[in-house]
Amino acid sequence: MGEHVFWRNIVNYFKYTCSGCATIFNIVLISLVIFRSPKSLGAYKYLMIYISAFDLFYSVWDVVWKPVVYSYGSAFTVFRHCKDSIFSREVSFHMVVAYCACFTFSLACFGVHFIYRYGSLNNEFREKHLAGKKICVLFIIPIVYGCWWFAISATMFHFDDFTDEYLNAGFHEDFDYDTKEAAIMVILFYWPSNDGKLHPNWRTLFAMANVWFMSFTSMFCVGYCGIKCYKTITKAFAITQTQSKVAKTLQHQLFNALVIQTLIPAVLMYLPLFLVFAFPIFNINLPLAISNFIQLDSLQTSTMNTFTIVFDQPQFTPGQNVTGRAVFQTSVAINARYLKICIHGAAHTKWNESEQRYRDCNGTSECYTETVQYASEINYVSGATIAWSAKNGNNTLQPGNHIFPFSFPLPVDCPPSYEGFHGHIRYSIRVELDRPWNFNKKEREYFKVVPNFDLNYLPYGNTPIMQKDVKDIGAIFKKGIVTMTVTIPKQAVASGEVLPITIDIDNCSKRPAYCVRAELMQNSHYNASRNSLFSHSSCHDHHKDDSKRVAESRKNIKVAARTHGREQLMMKIPKLAPSFQCPIIGVEYCLSVKLDTETSLNNTLHCEFNIIIGTVPISDNAIPVVVPAVVPTAPPAVERTESMPPPYFSLTPTAPSDDTAAGPSAPPPTYDESMAVTKI
């Protein structure tokens with residue numbers, strides 16, 4: 001008894017929550033339809049108000065009237081405890097029947113809604129069946145279904161002395177009161193005989209045939225019209241390939257709405273309807289069945305207080321072991337065969353592009369647009385281990401706190417974790433508990449891989465860089481020359497560092513300069529092949545680029561006309577993925593510095609620097625030294641002959657003559673002299 005009360009309380013809390021949400025949503029929907037919907041909605045506006053108003057009434061009545069759905073043996077019942085009610089048992093019975101009729105009303109509403117949906121997509125169907133006053137049939141069908149069910153239930157499923165006696169034992173056991181205290185609508189599928197055998201109740205089966213007919217017609221309308229809508233929208237996809245992006249997005253939204261609207265009646269109406277009638281047909285008590293199901297599934301899921309993956313450190317480097325533990329805590333014994341821990345890391349790219357195609361159509365060449373998908377994937381790490389397995393055929397994981405450690409090595413050449421618009425690089429640990437005759441319990445946790453990119457090993461990382469831009473600002477009427485010289489102390493920085501940017505401005509124009517700004521851009525490059533996910537092609541011949549701003553620094557200045565100025569910006573490098581390149585994804589960074597002048601056109605000066613982002617910053621005592629890529633060596637000795645000139649070391653240097661134009665002590669030539677061309 002206590003167990004049943006516990007689960008009924010949970011069901012009641014769930015019902016109150018759903019009824020409250022349904023009330024709020026329907027009020028909001030009715031308000032939006034009345035005050036915000038366009039006039040072009042037509043009859044659909046009234047159909048939405050009609051269905052939403054009924055759902056609002058149904059939700060409130062469910063909470064206020066508090067009916068109980070109950071199965072005992074071969075009987076399916078809906079009842080209400082009416083001992084302390086102001087209504088008599090007979091009046092309460094008819095109100096219970098009316099409540100059940102609302103369920104059939106809801107079934108009809110789903111079918112009607114899909115009929116209208118198909119009519120809105122098919123002009124021929126709409127003109128033939130839904131034009132003019134014919135649309136009123138859609139409003140009448142749910143009322144007819146509700147009245148039909150009410151009449152059948154009131155006459156065929158009324159309680160009597162036999163049903164009260166048949167259900168009394170179950171009521172005492174599960175609810176602790178007598179059947180005489182409840183108004184019960186009883187659907188008894190089998191008559192029990194004196195010898196304990198069950199015989200079909202043909203009267204009930206005949207009445208239920210009407211219910212099954214109403215349910216089938218609703219399911220048929222949802223299924224048939226849903227398929228028709230699906231084909232119509234799918235056909236529209238091909239047409240919208242040559243239309244605007246807004247039209248494509250609208251068609252996709254309609255398709256997604258169709259899928260969701262098809263799943264709602266299937267999950268919330270048809271499946272529960274099948275279950276509540278299936279239990280009494282097979283002579284199974286619904287509360288006990290629910291209780292057993294909860295013990296087998298919900299208890300094994302909800303009583304897993306924690307099923308988490310904990311890593312020993314927040315991030316890992318290539319070549320390091322990914323270590324951690326899977327923590328599994330349960331208060332009841334779990335029926336399981338093994339627990340598997342897996343690691344997976346891969347780079348993945350994917351995007352769609354529209355390409356022009358030509359096809360022969362009745363002897364003429366027709367142009368159409370085809371959506372082509374490009375994708376690639378490269379696996380960097382993959383492995384699995386069985387952390388626990390049942391022994392001696394005892395498929396039971398005992399209650400308690402279970403800790404399963406794991407350790408997986410990372411390759412030394414795996415790229416860092418990265419999330420981009422057209423691709424990503426992800427690493428994860430997945431734990432799976434295999435449960436026989438039940439859904440496996442799975443948990444996945446992602447971890448970061450950050451390489452040890454030491455910028456101190458870059459030969460040119462600590463070398464200052466300077467860029468200059470000169471522009472005669474103004475479009476037609478030039479305002480004068482403006483020169484911007486930008487200097488940064490190094491081009492290799494690590495996340496968290498502050499990069500100073502020095503900007504020298506030589507404003508020889510007639511207009512002042514008013515703003516300097518710097519942007520750090522992340523440029524991502526993606527490679528893929530057509531259908532490479534299925535063909536496993538190693539040739540990534542298609543490319544896609546993407547750029548986004550990851551940091552910005554701005555400063556308002558005032559460099560007057562015909563003056564000089566120096567400004568400095570401080571760019572803080574945010575936490576970013578380091579610069580890297582793998583076969584299908586590459587990331588590089590660019591620092592863009594701009595100077596704005598008070599001119600309407602051609603008013604911005606621009607300098608760009610390639611920036612290398614690492615993980616280990618350059619130390620303060622590092623000296624910028626240019627290291628040659630190849631160390632020069634002496635050529636191999638060659639055997640000399642008489643035809644060769646004398647060796648250099650055998651020549652004796654002599655002093656220059658007096659008429660030498662230039663000697664060792666003479667100054668070097670000027671730039672103009674060195675660039676002069678002598679004509680012979």
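Derived scalar couplings between HN and Hα for the range 448-453 equal 9, 10, 10, x, 8, 8 Hz in order, rounded to whole Hz, by the Karplus curve 6.51 cos²θ - 1.76 cosθ + 1.60 (θ = phi - 60°), x for Gly and Pro. Close amide H pairs (under 5 Å, H built 1.01 Å from N) link TYR427 with PHE447, residues at least 5 positions away or on another chain. With no solvent and one equal point scatterer placed on each C-alpha of the range 55-113, evaluate the Debye formula and give log10 I(q)/I(0) for q = 0.13, 0.22, 0.30 Å⁻¹, two decimals. For the range 55-113 at q = 0.13, 0.22, 0.30 Å⁻¹, log10 I(q)/I(0) is -0.40, -0.95, -1.26. Coupling constants for the range 63-76 follow from the phi torsions by the Karplus curve (6.51 cos²θ - 1.76 cosθ + 1.60, θ = phi - 60°), and in residue order they are 6, 6, 7, 6, x, 10, 9, 9, 10, 9, x, 9, 10, 10 Hz; glycine and proline get x. Taking amide hydrogens as placed 1.01 Å from N in the peptide plane, the amide H of GLN320 sits under 5 Å from those of LEU410, each at least 5 positions away in sequence or on another chain. Amide H contacts of CYS515: ILE557, ASP596, each under 5 Å away and 5 or more positions distant or on a separate chain (H built 1.01 Å from N in the peptide plane; Pro and chain starts excluded). For the range 82-234, the calculated P(r), taken from all Cα-Cα distances in 5 Å bins from zero up to the bin holding the longest distance, is 2, 8, 13, 15, 14, 12, 10, 8, 6, 5, 4, 1, 0 percent.
Between ALA98 and ILE386, the simple spin-label model (points 7 angstrom out along Cα→Cβ) gives 6.3 nm. Evaluating 6.51 cos²θ - 1.76 cosθ + 1.60 at θ = phi - 60° for every residue in the range 166-178, the Karplus couplings come out as 5, 8, 4, 4, x, 5, 5, 6, 9, 10, 6, 8, 7 Hz, glycine and proline recorded as x.
Across the cross-link table entries LYS479/LYS575; LYS350/LYS441; LYS490/LYS548; LYS544/LYS594, which are compared at the Cα atoms, the separations over 32 Å belong to LYS479/LYS575. Averaging the Cα positions of each part gives two centres, and for the range 404-430 and the range 481-533 these lie 31 Å apart. If you bin all the Cα-Cα distances of the range 455-614 at 5 Å, starting from zero, the percentages per bin are 2, 8, 16, 16, 14, 12, 10, 8, 6, 3, 2, 1, 0.
Value of Rg to Rh for the range 14-114, rounded to two decimals, is 1.07; Kirkwood radius and Rg both from alpha-carbon coordinates. Across the range 303-449, Cα-Cα distances exceeding 21 Å account for 57% of all pairs.
I need the peptides 362-374, 606-618 ranked by packing, meaning the mean over residues of other C-beta atoms within 10 angstrom, with the highest value on top. Can you show the working numbers first?
Numbers: 362-374: 11.4, 606-618: 18.3.
Packing proxy ranking, top to bottom: 606-618, 362-374.
The aspartates and glutamates within cross-link reach of LYS471, meaning a Cα-to-Cα straight distance under 19 Å and a gap of 8 or more places when in the same chain, are ASP504, ASP506, GLU567, ASP596, GLU598, GLU608.
Each reported figure results from applying straightforward, stated rules to the coordinates on display, with no laboratory input. Computed from a prediction, not measured in an experiment: that's the story for all the values here. Neighbour counts are summed over all protein chains in view; Cβ atoms, including those assigned to glycine, are modelled from backbone coordinates with ideal geometry.
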